[in-house]
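Working notes for the structure below.
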Amino acid sequence: MNDSYRHKGLRRKLAEEVRSKGIKDERILEAIEKIPRHFFLDSSFVEFAYQDKPFPIGSGQTISQPYTVAFQTELLEVEKGDKVLEIGTGSGYQACILQEMGARVFSIERHHSLYTKTKKLLAQMKYQPRLFYGDGYKGLPAFAPFDKILITAAAPSVPETLLQQLKPGGIMVVPVGKADTQIMKKIRKTGQDDYQEENCGYFRFVPMLGDKAK
Ligand code: SAH
């Protein structure tokens, strides 16, 4: 895996582009500058890695657009040491951004082939989020509660089970809606059963599906 000056230059430009679209958290922009996104795409697509676009990663899934990764991360208000649960590991890029910001990351993927591919890739990098193969709707009760929960697939409604795995004071970021567009929701757990919800614009994600796939 080669990370050249050219790649670094392209990343600096990408971070600038994401900044110009409204992302203010410098730690996120720094993480974008640091993490070689081309490692997360199949090698024939290297030239696409530093465009602000989503991209296919196999099994009918996509690596999210860098701006979307940054936007969700900003809403999550990540603090160093936060225990973060991500649903939809996909390529692993988002998990690495969170880890670069000092979060302790737990991430679930329902596609076995993607889970295996990403585990193998991250083993070769300095990022080691804890990866799980399973159904994200169930969360990780054994590791709950979490400070933050980030869902990177479109949920038809806010998953109740996951809200229960959020600490009081914690934040969940989830795109809610059907196939074409979803509303990005930021939900703050203000008490054991109290929540504050904020709608933060429209996005398009692949659907969150129940149960595991091969
Ligand atoms: N965060 C990813 C992008 C994810 S795309 C990245 O940085 O690359 C959405 C991912 O969610 C896909 O990989 C899809 O397989 C996964 N997914 C969909 N439903 C799921 C579920 N119920 N549990 C876990 N993962 C799920």
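Quick notes on this structure:
- Test for I97: is it closer than 19 Å to A213 by Cβ and open to solvent by less than 10 Å² (accessible area, probe 1.4 Å): no
- Every test in (1) on the phi > 0 side of the Ramachandran plot; (2) touching a residue at least 24 places away in the same chain (Cβ under 8 Å) is passed by G81 save one, and that test is (2).
- Filtering the stretch 158-185 to residues that are open to solvent by less than 20 Å² (accessible area, probe 1.4 Å) and away from the ligand (no atom under 16 Å from the Cβ) leaves L166, G170, I171.
- One residue from I57, I97 being in contact with a helix residue (DSSP H, G or I) (Cβ under 6 Å, 6 or more places away or on another chain) and either at negative phi or polar (S, T, N, Q) (or both): I97
- Selection status of I32, crowded, with 18+ Cβ neighbours inside 10 Å and either farther than 24 Å from G102 by Cβ or modelled with pLDDT of 95 or more (or both): yes
- Residue satisfying all of: in the stretch 69-94; more than 10 Å from the ligand (Cβ to nearest atom) and touching a Gly at 6+ places or on another chain (Cβ under 7 Å); least open to solvent (accessible area, probe 1.4 Å) among these: L85
- Exclusive hit being among the polar types (S, T, N, Q) and within 21 Å of R130 (Cα to Cα), set S20, S107: S107
The values are calculated or read from the model by the stated rules, or taken from the named source; none is laboratory data. Source: prediction; values computed, not measured. Cβ coordinates were reconstructed from backbone atoms using ideal geometry, including for glycine residues, and neighbour counts include every protein chain displayed. For accessibility, only protein heavy atoms count, side chains too; no ligands or nucleic acids. Shrake-Rupley method; radii C 1.70, N 1.55, O 1.52, S 1.80 Å.
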